[in-house]
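Contents: one structure, followed by commentary.
The values are calculated or read from the model by the stated rules, or taken from the named source; none is laboratory data. All values derive from a computational prediction rather than experimental measurement. Methodologically, a virtual Cβ is constructed for each residue, glycine included, from the backbone with ideal geometry; neighbour enumeration extends over all protein chains shown.
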Amino acid sequence: MSGDLEDFMRELDEQRHNTGLAGAHYWMSYAYHRVRDKVCNAPRQVKWAYQRVTRGWDDRAVWSLDAHLARTLGQQLVRMGEIAYGHPEGYPHERWTADLKTHGQALTLYSEGWVDRWESTGQPAQQAVRWVADNLAALWD
């Protein structure tokens, strides 16, 4: 089976680098399929855009809720760390903004597809969610 895949990939690579009519045929076919896929996907894109406008998220967020929450919350924490004027009582401002950015970056990294590396991204993301839970009432500016 591995040999079949290698043969297929070698043939595809040859087609990709062909010149003349053979190369033109490959690239025209490639372009046709790309355009066709975009046109066929248009109704779904419109549906998802409507969902985002009416409820703030689309169906795709539920398909991978962990990544969606990590991405949106992570970006928001980083942004809050950049613009924060206030901070909770007893929490030094510099530490507050640094913690916001650190936990936001941990969540963002997790959302970028590093979930297969649990030790390096999963555990820091979980710690970030725990930090958010512990400081939930203080997440204002």
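Here are some notes:
- K47 being of a type outside the set (A, V, I, L, M), over 24 Å from A133 (Cβ atoms) and in a helix (DSSP H, G or I): yes
- Residues (within 17 Å of the chain's Cα centre (by Cα), among the acidic types (D, E) and not in a loop (DSSP other than H, G, I, E, B)) located in the range 90-141: D116
- Residue in the range 13-21 that is of a type in the set (K, R), assigned to a helix (DSSP H, G or I), within 30 Å of T108 (Cβ to Cβ) and outside the structural domain of Q105 (by TED's automatic domain parsing) present: no
- Selection over the range 1-50 of residues that are within 30 Å of A61 (Cα to Cα) and of a type in the set (A, V, I, L, M, F, W, C) gives a count of 8.
- Filtering R71, R55 for residues that are of a type outside the set (A, V, I, L, M) and surrounded by 12 or more Cβ atoms within 10 Å (Cβ to Cβ) leaves a single hit, R71.
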